[in-house]
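Report on the following structure.
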Amino acid sequence: LSSGFDNYRHQSDALAQYQLFKARGVPDDHIIMIGADDLASSPSNRLPGVIRNAPSGANLYSDVVYDYDPSDLTISHFKAILKGDSSDELPEVLHSTTGSNIFIYLVGHGGRRGLPFGVGGAEEVESSSYSMLSPDQLGGALQDMYDDEQYRRVFVVIEACHAGVFKDAITAPGVLLFTAANAHESSFSYGYDEEIESWVADQFSFQYMARVSQEITYTFQDLYNELYLS
């Protein structure tokens, strides 16, 4: 949900998730990709057209379909996307039913009030000029989806500082939440790429991807335990 080259790791984490689902056979019409898409062509990118999630790693910027820029979205837009309320302004939305399993991955800067959309730096997290997704707003949207029988299960992963503020607000049945930090912690960057001169991943998301990309079956409990210990 951030923008700018200084936030390289956030967009690369999202791309890593996107490419994993594509590799597992999930088509683009089942993925709603929200991102600033300003890294590959950034003047600061020493490898134009390349986005990595590990030092000297594979290029993830290949056949990527972005649906929305976070700076163009309000919280009402985001809730409409989850609820499946399409319009000329929001052509790509979820078309979920009572049998749908949904994965929501949110990555960016976080604060005690939630997650801002399109923020350029950590110092701007509490700025009133950004659309802020609060815990109550996300929790309420998920509850509305449950009430309208729009999912079977939902897995929410939030990579952000203070992401644990969402914990108590998400109470809808059938929703599981993993966060990179509790309500009082910062999340940490990972993998400094000397060639790009940037941190290219976040610690929690990198460890998460290292596990779910393996050809083995994890229970959520096992996954949680390993991530907690790492």
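Scanning for something within 23 Å of Ser2 (Cβ to Cβ) and either touching a helix residue (DSSP H, G or I) at 6+ places or on another chain (Cβ under 9 Å) or in contact (Cβ under 8 Å) with a residue 24 or more places away in the chain (or both), does the stretch 144-152 turn up at least one residue? Within the stretch 144-152, not a single residue is within 23 Å of Ser2 (Cβ to Cβ) and either touching a helix residue (DSSP H, G or I) at 6+ places or on another chain (Cβ under 9 Å) or in contact (Cβ under 8 Å) with a residue 24 or more places away in the chain (or both).
Can you find a residue in the stretch 18-30 that is of a type in the set (Ser, Thr, Tyr), touching a residue at least 24 places away in the same chain (Cβ under 8 Å) and either over 26 Å from Asp88 (Cβ atoms) or touching an Asp or Glu at 6+ places or on another chain (Cβ under 7 Å) (or both)? No, the stretch 18-30 contains no residue that is of a type in the set (Ser, Thr, Tyr), touching a residue at least 24 places away in the same chain (Cβ under 8 Å) and either over 26 Å from Asp88 (Cβ atoms) or touching an Asp or Glu at 6+ places or on another chain (Cβ under 7 Å) (or both). Restricting attention to the stretch 152-185, which residues are loosely packed, with under 14 Cβ neighbours inside 10 Å and either touching a strand residue (DSSP E or B) at 6+ places or on another chain (Cβ under 8 Å) or closer than 20 Å to Ile51 by Cβ (or both)? Across the stretch 152-185, the qualifying residues are Arg152, Arg153, Leu176. Sub-7 Å Cβ pairs linking a first residue in the stretch 95-108 that is more than 23 Å from His162 (Cα to Cα) to a second residue that is surrounded by fewer than 16 Cβ atoms within 10 Å (Cβ to Cβ), at least 6 apart or interchain, are His95/Gly84; Ser96/Gly84; Thr98/Glu149; Thr98/Arg152; Gly99/Arg152; Ser100/Arg152; Asn101/Arg152; Asn101/Arg153, ordered by first then second residue. Restricting the search to the stretch 202-225, which residues are touching a residue at least 12 places away in the same chain (Cβ under 8 Å) and open to solvent by 70 Å² or more (accessible area, probe 1.4 Å)? Matches in the stretch 202-225: Phe220, Tyr224. Do we have Val50 as at pLDDT 95 or above and more than 23 Å from Gly174 (Cα to Cα) here? Judged against the criteria, Val50 is a match. Phe188 passes every criterion in (1) open to solvent by less than 30 Å² (accessible area, probe 1.4 Å); (2) within 21 Å of Ala16 (Cα to Cα); (3) modelled with pLDDT of 95 or more apart from (1). The residues of the stretch 57-73 that are under 21 Å from Arg113 (Cβ atoms) and either β-branched (Val, Ile, Thr) or open to solvent by less than 40 Å² (accessible area, probe 1.4 Å) (or both), listed by number, are Pro70, Leu73. The residues of the stretch 74-83 that are surrounded by fewer than 15 Cβ atoms within 10 Å (Cβ to Cβ) and in contact (Cβ under 8 Å) with a residue 12 or more places away in the chain amount to a single one, Thr74.
Being assigned to a helix (DSSP H, G or I), under 23 Å from Gly111 (Cα atoms) and of a type in the set (Phe, Trp, Tyr) narrows it down to one of Tyr208, Tyr190, Tyr146, so name that one. Result: Tyr208 is the single residue among Tyr208, Tyr190, Tyr146 that is assigned to a helix (DSSP H, G or I), under 23 Å from Gly111 (Cα atoms) and of a type in the set (Phe, Trp, Tyr). Starting from residues that are within 11 Å of the chain's Cα centre (by Cα) and not in a loop (DSSP other than H, G, I, E, B), keep the ones in the stretch 88-114 and report whichever is surrounded by the most Cβ atoms within 10 Å (Cβ to Cβ). In this case the residue turns out to be Val107. Residue count for the stretch 5-41 satisfying the condition of being small (Gly, Ala, Ser), more than 26 Å from Leu82 (Cβ to Cβ) and buried (at least 16 other Cβ atoms within 10 Å of the Cβ): 1.
When the stretch 127-143 is limited to residues that are surrounded by 15 or more Cβ atoms within 10 Å (Cβ to Cβ) and part of a loop (DSSP other than H, G, I, E, B), the one that is modelled with the lowest pLDDT turns out to be Tyr130.
The values are calculated or read from the model by the stated rules, or taken from the named source; none is laboratory data. Bear in mind that the values here come from a model prediction, so they are computed numbers and not experimental data. FYI the Cβ positions are ideal-geometry reconstructions off the backbone, even for glycines, and counts take in every protein chain you see. Calculation scope for accessible area: heavy atoms of the full protein, side chains included, ligands and nucleic acids excluded. Shrake-Rupley method; radii C 1.70, N 1.55, O 1.52, S 1.80 Å.
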